[in-house]
1. Count, please, the residues in segment 23-47 that happen to be farther than 17 Å from residue 10 by Cα and surrounded by 14 or more Cβ atoms within 10 Å (Cβ to Cβ).
2. Would you please list the contacts, defined by Cβ atoms under 6 Å and residues six or more apart or on different chains, that run from a residue in segment 37-48 that is touching a residue at least 12 places away in the same chain (Cβ under 8 Å) and on the phi > 0 side of the Ramachandran plot to a residue that is exposed (fewer than 14 other Cβ atoms within 10 Å of the Cβ) and assigned to a loop (DSSP other than H, G, I, E, B)?
3. Considering segment 6-17 alone, what residues qualify as being closer than 19 Å to residue 44 by Cα and either in contact (Cβ under 8 Å) with a residue 60 or more places away in the chain or exposed (fewer than 12 other Cβ atoms within 10 Å of the Cβ) (or both)?
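What follows draws every value from the coordinates through simple rules; no lab data is involved. If you're wondering where the values come from, they're calculated on a predicted model, not measured in any experiment. Positions of Cβ are generated from backbone atoms using ideal geometry, with glycine treated the same way; all protein chains shown enter the neighbour counts.
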């Protein structure tokens, strides 16, 4: 299973496989324990998770003035 979370340091969205316990942010390099992060979405395929991240980014861009 894949989850979408936000990096606690830089705030960017991350795709993580739940098989792993930690995930490093590709944007800032911060390593986070997945168990401690708020899950924004769950899916069985990484492709669906990428689509979820794209939608979240689109919404965030629309909210900014």
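1. Here is the first cut: in segment 23-47, the ones farther than 17 Å from residue 10 by Cα are 35, 41-47.
From what's left, surrounded by 14 or more Cβ atoms within 10 Å (Cβ to Cβ): 41, 43.
Residues meeting the conditions: 2.
2. Sorted first by the residue in segment 37-48, then by its partner, the list stays empty.
3. Of everything in segment 6-17, nothing turns out to be closer than 19 Å to residue 44 by Cα and either in contact (Cβ under 8 Å) with a residue 60 or more places away in the chain or exposed (fewer than 12 other Cβ atoms within 10 Å of the Cβ) (or both).
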